[in-house]
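Here is the structure we will look at, set down as structure tokens.
The values are calculated or read from the model by the stated rules, or taken from the named source; none is laboratory data. Since the model is a prediction, treat every value here as computed from it, not as a measurement. Positions of Cβ are generated from backbone atoms using ideal geometry, with glycine treated the same way; all protein chains shown enter the neighbour counts.
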Amino acid sequence: MTTADATEDPRVYAVVINDEEQYSIWFDDRPLPLGWAKVGVVGTKDTCLNYIEAVWTDMRPKSLRLQMDSRTRQG
């Protein structure tokens, strides 16, 4: 997406997260799909994507992180 595209997009987006702590964006005025919840960040597409880039530093799903942490603790 170019800067021109971003300024021409009048839609408002929301940052959403699922039970596996995976992030995405969703149109703010649409009902969320099952299993997703808003995190409280709403704005332009760029605003939402920048937030996700800053906070989603470990791309592994939550279940995999927990499994790997468990194996590490077990030795």
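Within the stretch 4-38, the set of residues being assigned to a loop (DSSP other than H, G, I, E, B) and small (G, A, S) comprises just one member, G35. Checking each residue in the stretch 13-31 for being of a type in the set (A, V, I, L, M, F, W, C) and closer than 24 Å to L66 by Cβ picks out V15, V16, I17. Beta carbons closer than 8 Å, at least 6 apart along the sequence or on distinct chains, pair a first residue in the stretch 49-74 that is aromatic (F, W, Y) with a second that is surrounded by 13 or more Cβ atoms within 10 Å (Cβ to Cβ) and at pLDDT 80 or above for Y51/V15; Y51/V41; W56/Q22; W56/Y23. Which pairs do you get when a residue that is charged (D, E, K, R), found in the stretch 22-35, comes within reach of a residue that is assigned to a loop (DSSP other than H, G, I, E, B) and surrounded by 14 or more Cβ atoms within 10 Å (Cβ to Cβ), reach meaning Cβ atoms under 6 angstrom, with the pair 6+ apart or on two chains? Listed by first residue and then by second, the contacts come to D28/V12. Those residues that are of a type in the set (A, V, I, L, M, F, W, C) and within 15 Å of V16 (Cβ to Cβ), I need them from the stretch 31-75; list them, please. Across the stretch 31-75, the qualifying residues are L32, L34, W36, A37, V39, V41, V42, C48, L49, I52, V55, W56. The set of residues in the stretch 55-75 that are hydroxyl-bearing (S, T, Y) and either assigned to a helix (DSSP H, G or I) or within 20 Å of E8 (Cα to Cα) (or both) comprises S63, S70, T72. Within the stretch 39-54, the set of residues being aliphatic (A, V, I, L, M), outside any strand (DSSP E or B) and either in contact with an Asp or Glu (Cβ under 6 Å, 6 or more places away or on another chain) or closer than 18 Å to E8 by Cβ (or both) comprises just one member, L49.
With respect to being surrounded by fewer than 10 Cβ atoms within 10 Å (Cβ to Cβ), hydrophobic (A, V, I, L, M, F, W, C) and modelled with pLDDT of 95 or more, L49 falls outside the description.
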